[in-house]
Amino acid sequence: MAKSYVSATINGESSEFLCETQQTLLDVLRDVVGLTGSKEGCASGDCGACSVIMDGRLVCSCLVLGVEAEGTSITTIEGIATGEKLHPVQQKFLEHAALQCGFCTPGLIVATKALLDENPNPTETEARYWLAGNLCRCTGYDKVIRAVMDAAAELRGETVG
Amino acid sequence: MSSLSYAAPTSVDDAVKLLAGSSGLAKVLSGGTDLLVQLRSGRVKPELIVDTKKIPGIIGIREENGGFVIGAGTPGAVVEAHAGLTAAWPGLVEALDLIGSTQIQGRCSLAGNLCNGSPAADSVPALFAANAIAVVVGSKGRREIPVEQIPTGPGRTSLAKDEFILEFKLPPRPARSSDAYLRFIPRTEMDIAVVGCGVSLTLDAKGVCTAARVALGAVAPTVIMVPAAAAALIGHTLDADTLAKLDAAAQAAAKPISDKRGTIEYRTKIAGVLARRTAAIAFDRAAGIKNGKAH
Ligand SMILES: Cc1cc2nc3c(=O)[nH]c(=O)nc-3n(C[C@H](O)[C@H](O)[C@H](O)COP(=O)(O)OP(=O)(O)OC[C@H]3O[C@@H](n4cnc5c(N)ncnc54)[C@H](O)[C@@H]3O)c2cc1C
Ligand code: FES
Ligand code: FES
């Protein structure tokens, strides 16, 4: 079976890859492009560990075909920090100990980034609903939500004591 | 390995030709939130995937002849962000918005929800209640059919192999019209409806219902219209007697199965309760009462 040639912008850099139709964007990111930050928790859209931002929209990369990436712009967890400098969302996840095993964390951070891009001042309820598709077996979510609210405040330029 | 091909045609004609010309199973792709799960599990084994999203007009919302036209593949997040559509059809928008998570909303479409053929599909009772028309395209041209003629059973539709839905047309809204959708689930997010109910109606200046459509989900092999429930509303205000008749009509129409989400008895009772609550919200909205509360 001939592979398809796909060209997309991944984390701001143009990228080209070959993939089979049945390969998901998650398969392609991890196994072809070599970006293994996005995780496969379920492969059925339920856990959010594979979350990426595609043309400005948060999606599960396990529910996108690799071939659908043609011509799109994709941000993965690897594209959130600026060089060595962590993004405030990443920094706050560390400060608030919002992770234990860390498997859900790439997805949660990408999803939080997408939330704050769209709504810089979410209520806690809005944040909880936005992140309902990101499952975490370890933290109980409370520390995650505290990290998200604190990161939002920091990005708005407010200092929280 | 399988020999699965993919095409992303940029015109209706090309898409139809691809579907018609495929020797094996060809599947139309919108958001993929059902199809990719089924591919992965091996439940569907197509030979060809025809991605419709590059076809002009299939994603987006426009106003035409006083009504709205929603592209078949428009993601939930795009629909929800449309202020005019949300004002005219809050029930349809809230039903689509209930599907899955933020991530799913970035992709899920009305056409996929309808054509996946789940009796519990959330946007479908609202689409039925709205009297939406599906614009179907295929080798024989273009036809417009009421959405309730599309699903024929779990996972099945009336569409021919070379046909797909291009867009949905919603009729113009008379004054004092609105709609509502409620589903019953044991959780607050990310679950499949035990029962779903869509109601769309129009009131006169005195608050008497002059037109209504009621649809129920997850109580039969497909989403169903309940004309007797609509008849219980038409000609009445929402008094206790009307509510009781509506409840009875919804229960009588419900022919559910027992499964892990609920027994036959439970689902039947919930169908009545949801019909009352959904109608109450639609009445309030049509009367201009914001954030319609359940009576
Ligand atoms: C985690 C998760 C949660 C979910 N939660 C819900 C929920 O709460 N409520 C709910 O109702 N559903 C839910 N779903 C199911 C799914 O998201 C919806 O049914 C969605 O609307 C499907 O739309 P899609 O565009 O992704 O369809 P696709 O997967 O692209 O297609 C679904 C089916 O429709 C066909 N099809 C697609 N477009 C067309 C067209 N234009 N013409 C003809 N046929 C077409 C396809 O061939 C396929 O058979 C959930 C799914 C996941 C993964
Ligand atoms: S791996 Fe994609 S949602 Fe779980
Ligand atoms: S930290 Fe382990 S799953 Fe979230």
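Between A:Gly107, A:Gly79, the distinction of being open to solvent by less than 40 Å² (accessible area, probe 1.4 Å) and within 14 Å of chain B (Cβ to nearest Cβ) belongs to A:Gly107 only.
With the structure loaded, tell me whether A:Lys92 is modelled with pLDDT of 95 or more, more than 14 Å from chain B (Cβ to nearest Cβ), open to solvent by 10 Å² or more (accessible area, probe 1.4 Å) and within 16 Å of ligand 3 (Cβ to nearest atom) or whether it fails that test.
yes
If you filter the stretch A:47-62 down to residues that are within 14 Å of ligand 1 (Cβ to nearest atom) and of a type outside the set (A, V, I, L, M), you find that the one that is nearest to A:Ile80 (Cα to Cα) is A:Ser51.
Screening the stretch A:95-145 for residues that are within 14 Å of ligand 3 (Cβ to nearest atom) and of a type in the set (Gly, Ala, Ser) and picking the one that is farthest from A:Glu40 (Cα to Cα) gives A:Ala97.
Selection within the stretch B:76-102: residues that are within 14 Å of another protein chain (Cβ to nearest Cβ) and not in a helix (DSSP H, G or I). The member of this set that is most open to solvent (accessible area, probe 1.4 Å) is B:Ala81. Under 6 Å by Cβ, and 6 or more places apart or on different chains, what pairs join a residue from the stretch B:71-89 that is in contact (Cβ under 8 Å) with a residue 12 or more places away in the chain with one that is part of a loop (DSSP other than H, G, I, E, B) and open to solvent by 50 Å² or more (accessible area, probe 1.4 Å)? Going by the 6 Å Cβ cut-off, the qualifying pairs are B:Gly71/B:Ile59; B:Gly73/B:Lys53; B:Gly73/B:Ile59; B:Thr74/B:Ile59; B:Ala88/B:Arg173. Residues of the stretch A:1-11 that are surrounded by 10 or more Cβ atoms within 10 Å (Cβ to Cβ) and of a type outside the set (D, E, K, R): A:Met1, A:Ser4, A:Tyr5, A:Val6, A:Ser7, A:Ala8, A:Thr9, A:Ile10, A:Asn11. Of the strands (runs of 3 or more DSSP E) entirely within the stretch B:129-224, those holding at least 1 residues that are in contact with a helix residue (DSSP H, G or I) (Cβ under 7 Å, 6 or more places away or on another chain), open to solvent by 40 Å² or more (accessible area, probe 1.4 Å) and within 18 Å of B:Pro256 (Cα to Cα) occupy B:177-184. The set of residues from the stretch B:2-19 being within 13 Å of B:Lys54 (Cα to Cα) and either loosely packed, with under 15 Cβ neighbours inside 10 Å or away from chain A (no Cβ under 14 Å) (or both) comprises B:Thr10, B:Ser11, B:Val12, B:Asp13, B:Asp14, B:Ala15. Confirm whether A:Ala98 is in contact with a Lys or Arg (Cβ under 8 Å, 6 or more places away or on another chain), of a type in the set (Gly, Ala, Ser), crowded, with 20+ Cβ neighbours inside 10 Å and not assigned by TED's automatic domain parsing to the domain that holds A:Leu29. Against the criterion (in contact with a Lys or Arg (Cβ under 8 Å, 6 or more places away or on another chain), of a type in the set (Gly, Ala, Ser), crowded, with 20+ Cβ neighbours inside 10 Å and not assigned by TED's automatic domain parsing to the domain that holds A:Leu29), A:Ala98 qualifies. Among the numbered conditions (1) hydroxyl-bearing (Ser, Thr, Tyr); (2) surrounded by fewer than 20 Cβ atoms within 10 Å (Cβ to Cβ); (3) away from ligand 1 (no atom under 16 Å from the Cβ), tell me where A:Ser44 comes up short. The single condition A:Ser44 does not satisfy is (3).
Just to be sure before I move on: is A:Thr82 away from ligand 2 (no atom under 13 Å from the Cβ), of a type outside the set (Asp, Glu) and free of Cβ contacts under 8 Å to residues at least 24 places away in the same chain in the structure I sent?
Answer is yes for this residue.
You will find that of B:Lys17, B:Lys53, the residue that is charged (D, E, K, R), in a loop (DSSP other than H, G, I, E, B) and over 20 Å from B:Ala180 (Cα atoms) is B:Lys53 and no other.
In the stretch A:116-161, the residue that is most open to solvent (accessible area, probe 1.4 Å) out of those that are within 14 Å of chain B (Cβ to nearest Cβ) and among the small types (Gly, Ala, Ser) is A:Ala132.
The values are calculated or read from the model by the stated rules, or taken from the named source; none is laboratory data. Being a predicted model, the structure only gives us computed values, none of them experimental. Neighbour counts are summed over all protein chains in view; Cβ atoms, including those assigned to glycine, are modelled from backbone coordinates with ideal geometry. The protein model used for the area step is the full one, side chains on, heavy atoms only, and it has no ligands, DNA or RNA in it. Shrake-Rupley method; radii C 1.70, N 1.55, O 1.52, S 1.80 Å.
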